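To keep things clear, I will list the structure first and then write my remarks on it.
Derivation of every value follows stated rules applied to the coordinates shown; laboratory data play no part. From a predicted model like this one, the values you see are computed outputs, not experimental measurements. Here Cβ is always computed from backbone atoms with ideal geometry, including for glycine, and neighbour counts include all displayed protein chains.
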């Protein structure tokens, strides 16, 4: 088997759009199944009431990472042909921080806002309008801030390279971290539920 | 829920177990890696749509800005014939189908009990705008950087993900009246 299929020319550009649509259906379906079409469910993460965002996200990361690592190890997938976005460290740190604040202020992230919109949430419609406004604003000033946006370009950089550890070991450490996180998430939920119950008395 | 006893619509089904939903999401992501050689995304589709809208209103202005021009020159013959645009259309369809099957499609506003609908809308707009700005600076959002970059062990993706949680937890106390 030679994968990624698209990179080996198994289908063309036009067909790739249909593939994109099908992948998107799967993506949207599981986001909604998880409850991520609800801003309440999403933001409960940040009040330790329901850590579903962390659980779903890290289960998905571990599943895809283990699958890809295995398929690459048996030689079915050429990892060098899987696109990894270049690291722009400082823009990503600042962007991530703004996005995190936007998450708790707005209630969604771009992907989940679309699922919320599709299931009738009017606040998601306003949120989507906000995303367009934000993109418009930064797109307009982009040429004058490239000094920052193009800074700290470290290229295609992975954690095994940063840590000077074999990829298999990093994969194992991420799995360990996720499992530890799942355990910790349950502890935090119970602790905050207990203190909330005490407050109500 | 008991107060809606005269509501003829069936009660929404409970959400899927988070670990099962995570495995489903992970397999979709893995499928995208294997079939396409790339992961998932969302904010890029918003940018493509934004660029096309600006180009329709003020073509010279759009072509004069490299940020918009990059989006206008991508795609299979048309800037909207883009992987992420079609993927995002699928997200809308998939989300709707799942919601429909679970009885969760209904017109409503998601908010805590202590904020007005107008207040919620104002924060939703501000949060969306912050999200748009952040996603462009970081060259991706929760889907493209945290989920995809996370699974690919991208250094920038992991740095981004840590900062998203830091930003969310950091601002949560200030936003408690909106949600709790």
Q.
Let me make sure I get this right: for the protein assembly as shown, a, b and c are the square roots of the gyration tensor eigenvalues over alpha carbons, sorted descending. Under 1.5 in a/c it's rounded, otherwise prolate if a/b > b/c, else oblate. Which is it?
A. rounded
Q: Could you grab the relative contact order for the range B:1-135? Cα pairs under 8 Å, six or more apart, rounded to a whole percent.
A: 23 percent
Q: Please give the peptides B:134-141, A:93-100 ranked by average Cβ packing (other Cβ atoms within 10 Å per residue), highest first, as a rough proxy for protection.
A: B:134-141, A:93-100
Q | Shielding score for A:36-48, defined as the mean number of other chain Cβ atoms within 10 Å | A | 6
(Q) Please compute the average number of Cβ atoms from other chains found within 10 Å of each residue's Cβ in peptide B:12-20. (A) 6
Q) Per the helix-only calculation at 222 nm, which mean residue ellipticity applies to chain A, given -39500 (n - 2.57) for every DSSP H run of n ≥ 4 and division by its residues, nearest 500 deg cm²/dmol? A) -22500 deg cm²/dmol
Q) Which whole-number percentage describes the relative contact order of chain A, with Cα contacts under 8 Å and a sequence gap of 6 or more? A) 29 percent
Q. Is the range A:117-201 best put as rounded, prolate or oblate by its Cα gyration tensor, with a ≥ b ≥ c the root eigenvalues, rounded for a/c under 1.5, and otherwise prolate when a/b is larger than b/c, oblate when not?
A. oblate
Q. What FRET efficiency would be calculated for the residue pair residue A:197, residue A:73, taking the C-beta separation as r and a Förster radius of 35 Å, to the nearest 0.05?
A. 0.15
Q. How many partner chain Cβ atoms sit within 10 Å of a residue's Cβ in peptide B:113-120, on average, as a whole number?
A. 1
(Q) With the cut-off at 1.5 for a/c, could you classify the range B:1-134 from its C-alpha gyration tensor as rounded, prolate or oblate? (A) oblate
